[in-house]
1. When only Cα pairs under 8 Å and 6 or more residues apart are kept, what is the percent relative contact order across region 124-258?
2. Would you kindly calculate the mean projected area, averaged across all directions, of the convex hull enclosing the Cα atoms of region 136-224, in square nanometres?
3. Percent relative contact order of the chain, based on C-alpha pairs within less than 8 angstrom and at least six residues apart?
4. Dipole of the chain, Cα-centred, from +1 at each Lys and Arg C-beta and -1 at each Asp and Glu C-beta, to the nearest 20 debye?
5. What order do you get for L50, L124, L36 when you list them from fewest to most C-beta neighbours inside 10 Å?
6. Please state, to two decimals, what the Cα-based radius of gyration of region 9-257 comes to when divided by 2.2 N^0.38 Å (N = residues).
7. Which cross-chain or sequence-distant (5 or more) residues have an amide H under 5 Å from the amide H of V128, H modelled 1.01 Å from N in plane?
8. Dipole of region 1-98, Cα-centred, from +1 at each Lys and Arg C-beta and -1 at each Asp and Glu C-beta, to the nearest 20 debye?
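Read-outs: derived from the displayed coordinates by stated rules, not from any lab. All values derive from a computational prediction rather than experimental measurement. With ideal geometry, Cβ positions are generated from the backbone for all residues, glycine too; neighbour counts draw on all protein chains shown.
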Amino acid sequence: MTNPYAFTHALCRAPAPSAVNGIRADGGPDPDFAGLAAEHEAYVATLRDLGLSVEVLPPLDDFPDALFTEDVALTFPEGAILLRPGAPSRAGEIDHIREALAARHPNLLEMTTGHVDGGDVLRLADRVIIGLSDRTDRAGATELARLLDRLGYRAEVAITPAGVLHFKTGCSLIDGKTILAVPAMRDCPEFAGLEVVLTPTGEDGAANILRVRDTVLVGDRWLATQAMLAARGVPFRPMATEQIARIDAGLSCMSLRW
Ligand code: CIR
């Protein structure tokens, strides 16, 4: 059993101006670039304030979604795995992060078949859950489970509900034994043995919190979720996410952590 959020390092990527063209499922309005960049800067500053050593890679204008480094790799103290993102426009991102990862993780493994987005991978204390989704297919999950085994991690494959972009769009760790989940994921069989706390009514968008050491980062407009965390005695920091949410992202997406 290892603590899945005792991070010391993070790898981020600055947003390029093209981030305003990032993928979104509902075809909603573009984010405001200055606002999005400010949200990213505040996020990096917060990770540093929580004690992490954070490196920020240069922006990639050819890849509007490249600021979401979480989707292209998995990082652990024992090594890292380069993934194969499921959106065609994001596939080339891995060629721009391979070198940076290899420099930080000498034990760098690489998927060679199927597709997995890191947003579909939830690390628990004793195992890793891979959620099948529109981005993560069975072949990719099988390949990733094989690579995770080489790093000493057991994997389980779960189903992401239809309409939820990534597995972690709908659930995240509050602590090692407690999951925050949207109601559509309350009966996920892989959560057996864990306490599942549901997002309050109207706050499905809050589910992508990020636990970093003793603190939970949570979207600043999710007041009922914040009240729930406060009632549970969980230290939290409200973060602005309005602009990144316009391109379907939340708080875990903007970093790789180990
Ligand atoms: C995408 O659709 O790929 C980006 N616009 C959002 C990625 C969010 N990443 C994540 O949930 N891990």
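1. Values: 209 pairs, mean separation 23.4, N = 135.
Relative contact order here is 17 percent.
2. Values: hull surface 26.5 nm².
Its average projected convex-hull area is 6.6 nm².
3. Numbers: 539 pairs, mean separation 58.0, N = 258.
Result for the chain is 22 percent.
4. Values: 24 positive and 35 negative charges, 139 e Å.
Dipole size: approximately 660 debye.
5. Details: L50 16, L124 21, L36 25.
Placing the least packed residue first, the sequence is L50, L124, L36.
6. Working: Rg = 16.6 Å, N = 249, 2.2 N^0.38 = 17.9 Å.
Relative to the rule-of-thumb radius for its length, region 9-257 sits at 0.93.
7. Long-range HN contacts for V128: R154, A155, E156.
8. Dipole of region 1-98, to the nearest 20 debye: 260 debye.
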